[in-house]
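The values are calculated or read from the model by the stated rules, or taken from the named source; none is laboratory data. What you are looking at is a predicted structure, and each value in this text was computed from that prediction instead of being measured. Positions of Cβ are backbone-derived with ideal geometry, glycine not excepted, and every protein chain shown enters the neighbour counts. In case anyone asks, the SASA skips ligands and DNA or RNA and just uses the protein heavy atoms, side chains included. Shrake-Rupley method; radii C 1.70, N 1.55, O 1.52, S 1.80 Å.
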Amino acid sequence: VLPRFFPCRGGYENSLLALSKYLVTRGHRVTVFTTVANDLEAFWLPGFKTYPEEEFSVEGVTVRRFPISYNIGRRRATRLLGLVPYWRWKAQFWRPSFYIPGLHQALREIDADLFHIGPLPYTNLMYAGLQAGEARRVPVVATPCTHFGEEGSDEVARHYVHPYQIRLLQRCAKVICMTATELRRLEQLGVTSEKVVISYGIDVDHVAGGNPEYLRTRYNLDGPVVLHLGMKASEKGSVTLVEAMKTLWARGSQAWLVMAGPSLSAFDQYIAENAPHCPRLLNLPPFADHEKRDLLASATVVAQPSRVESLGLVLLEAWVNAKPVIAADIAVSRELVTESGGGVVAPFGDAQRLAEAIETMLADGELRRTMGLGGHKKALEYEGTNLWRRTCDEFERVASSARTGRRKP
């Protein structure tokens, strides 16, 4: 059960598609319950990109899309219910909840041995899966993708670590974490150590082997390329990155900034207003898998200065291609970037420090090569084939244990 799914191209969505296909190869039946949303804003506002309400199959995985209700009266009423200090009501009705007609009924009717739910902060969707599992006495596994943001600020974490969200995770049979940082923080917040495991990865074949001349031949780019992949939004550091590059362009830098992926409307407006000051910006729409390979292969540096990460899949994908990275200075990024030597971190939102990091890296080819190789070694630890097997093994153990428990007198 998840908010968006294939062909939506996000890190979580791509990984869940890979995991689902792997489960099918192991002989399991997989049904994905999701919404029609494509744009993030479509969860709350009509007029943004959506997919049809439908049921279809992708490589053996059944996908069921459900509509989103935009009824204002219902939303206001449920917000009032979310004010009640009862964790189950808060999980269902507090922000950022939205009503999905037909979902609860479909989850109650499906014949399942295990429910997998995630990510936060879409707690109402996760609760729908938990409720169905509890009603059927079927185990529930969560992958919360918890974001903690920067130390000393709760601007990000407060949306992911409410007591009612932790209570929901405590009700699950297992909680799959993406990093040791996430695991430790969830244990500190009250999720028992017996429940939390680390098991997440990337499909190396989907991001390796691209054309290193792609951007230069397709778009006639010259000079080094700073690449930013995925959602373009303020919280992802996209605005800060543009501001950093504006500083470098004003100094005479011939580097290109290539930004590829979906974007929030606020970012689109920012770009429209700043276009005259961005002489070497290539702003691309969402991309296919083969284009991602080519984009990564063409990059000189990959910059993802985001504070809303539970892992940072783009960092790993860059490292598969031996590209150095620049990330925001948050605990998850430090665990990956600092420990591997695969790049550097800069304070989130600090355009000047980010510009300095980019300038230093672009000026030193040997530094880029060393960092790229260090990151490559780290990326191989997250190679998906082994990790999907580990996750599938975990699912099978949980489901088998639950069946055994139900057979006991």
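Looking only at the range 371-409, which residues are at pLDDT 90 or above, open to solvent by 70 Å² or more (accessible area, probe 1.4 Å) and among the aliphatic types (A, V, I, L, M)?
Passing the criteria: only Leu373.
Name the residues in the range 132-153 that are open to solvent by 20 Å² or more (accessible area, probe 1.4 Å) and not in a loop (DSSP other than H, G, I, E, B), would you? Write out each step before concluding.
In the first step, residues of the range 132-153 are kept if they are open to solvent by 20 Å² or more (accessible area, probe 1.4 Å); the result is 134-137, 147, 150-153.
Matches in the range 132-153: Glu134, Ala135, Arg136.
Just for the range 37-47: of the residues that are over 27 Å from Trp388 (Cβ atoms) and in a loop (DSSP other than H, G, I, E, B), which one is least open to solvent (accessible area, probe 1.4 Å)?
If we filter the range 37-47 for residues that are over 27 Å from Trp388 (Cβ atoms), which is where we start, we get 39, 41-47.
Checking which are in a loop (DSSP other than H, G, I, E, B) leaves us with 39, 44-47.
Details: Asp39: 29, Trp44: 83, Leu45: 89, Pro46: 87, Gly47: 86 Å².
The qualifying residue least open to solvent (accessible area, probe 1.4 Å) is Asp39.
I'm told Ala255 meets every condition in (1) surrounded by 20 or more Cβ atoms within 10 Å (Cβ to Cβ); (2) within 27 Å of Gly375 (Cα to Cα); (3) modelled with pLDDT of 95 or more except one. Can you identify the failing condition by its number?
The one condition Ala255 does not meet is (1).
Name the one entry in Leu23, Leu17 that is of a type in the set (A, V, I, L, M), under 19 Å from Cys145 (Cα atoms) and in contact (Cβ under 8 Å) with a residue 40 or more places away in the chain. Break it down into steps so the answer makes sense when it comes.
Numbers: Leu23 fails: under 19 Å from Cys145 (Cα atoms).
Among Leu23, Leu17, only Leu17 is of a type in the set (A, V, I, L, M), under 19 Å from Cys145 (Cα atoms) and in contact (Cβ under 8 Å) with a residue 40 or more places away in the chain.
Being more than 24 Å from Arg26 (Cα to Cα), open to solvent by less than 20 Å² (accessible area, probe 1.4 Å) and of a type in the set (A, V, I, L, M) is true for just one of Leu362, Leu354, Leu367. Which residue is that? Spell out the reasoning first.
Working: Leu362 fails: open to solvent by less than 20 Å² (accessible area, probe 1.4 Å); Leu367 fails: open to solvent by less than 20 Å² (accessible area, probe 1.4 Å).
Exactly one of Leu362, Leu354, Leu367 is more than 24 Å from Arg26 (Cα to Cα), open to solvent by less than 20 Å² (accessible area, probe 1.4 Å) and of a type in the set (A, V, I, L, M), namely Leu354.
Give the residues of the range 61-87 that are open to solvent by less than 50 Å² (accessible area, probe 1.4 Å) and at pLDDT 95 or above, sorted by residue number.
Correct list: Val61, Thr62, Val63, Arg65, Phe66, Pro67, Ile68, Ser69, Trp87.
Enumerate the strands (runs of 3 or more DSSP E) found wholly within the range 154-240, keeping only those where 1 or more residues are open to solvent by 20 Å² or more (accessible area, probe 1.4 Å). Break it down into steps so the answer makes sense when it comes.
On the way: elements: 174-177, 196-198, 225-229.
Per the criteria, 174-177, 196-198.
Kindly indicate whether Lys246 is within 30 Å of Pro144 (Cα to Cα) and in contact (Cβ under 8 Å) with a residue 12 or more places away in the chain.
On the way: within 30 Å of Pro144 (Cα to Cα): no; in contact (Cβ under 8 Å) with a residue 12 or more places away in the chain: yes.
No.
Return yes or no: is Glu53 open to solvent by 30 Å² or more (accessible area, probe 1.4 Å), at pLDDT 95 or above, acidic (Asp, Glu) and not in a helix (DSSP H, G or I)?
Working: open to solvent by 30 Å² or more (accessible area, probe 1.4 Å): yes; at pLDDT 95 or above: yes; acidic (Asp, Glu): yes; not in a helix (DSSP H, G or I): yes.
Here the answer is yes, as Glu53 does meet what is asked.
Got a sec? Which of Thr240, Thr179 is within 20 Å of Pro305 (Cβ to Cβ), of a type in the set (Val, Ile, Thr) and under 16 Å from the mean Cα position of the chain (by Cα)?
On the way: Thr240 fails: under 16 Å from the mean Cα position of the chain (by Cα).
Residue meeting the stated conditions: Thr179.
Tally up the residues in the range 88-109 that are open to solvent by 30 Å² or more (accessible area, probe 1.4 Å) and more than 24 Å from the chain's Cα centre (by Cα), please.
Qualifying residue count for the region: 8.
I'd like to verify a number: residues in the range 63-87 that are in contact (Cβ under 8 Å) with a residue 40 or more places away in the chain and over 15 Å from Val1 (Cα atoms), how many?
So the answer is 1.
Can you find a residue in the range 7-27 that is at pLDDT below 95, open to solvent by 30 Å² or more (accessible area, probe 1.4 Å), over 21 Å from Ala142 (Cβ atoms) and touching a Pro at 6+ places or on another chain (Cβ under 7 Å)?
Scanning the range 7-27 turns up at least one residue that is at pLDDT below 95, open to solvent by 30 Å² or more (accessible area, probe 1.4 Å), over 21 Å from Ala142 (Cβ atoms) and touching a Pro at 6+ places or on another chain (Cβ under 7 Å).
Taking only the range 271-308 into account, find how many residues are assigned to a helix (DSSP H, G or I) and small (Gly, Ala, Ser).
Of all residues in the range 271-308, those assigned to a helix (DSSP H, G or I) come to 271-277, 289-298.
Retained after the next criterion (residues that are small (Gly, Ala, Ser)): 272, 275, 297-298.
Final tally of qualifying residues: 4.
Determine if the range 22-33 includes at least one residue that is among the charged types (D, E, K, R), under 21 Å from Asn124 (Cα atoms) and out of contact with any helix residue (DSSP H, G or I) (no Cβ under 6 Å at 6 or more places or on another chain).
Just the residues of the range 22-33 that are among the charged types (D, E, K, R), to begin with: 26, 29.
If we keep only those that are under 21 Å from Asn124 (Cα atoms) as well, we get none.
Scanning the range 22-33 turns up no residue that is among the charged types (D, E, K, R), under 21 Å from Asn124 (Cα atoms) and out of contact with any helix residue (DSSP H, G or I) (no Cβ under 6 Å at 6 or more places or on another chain).
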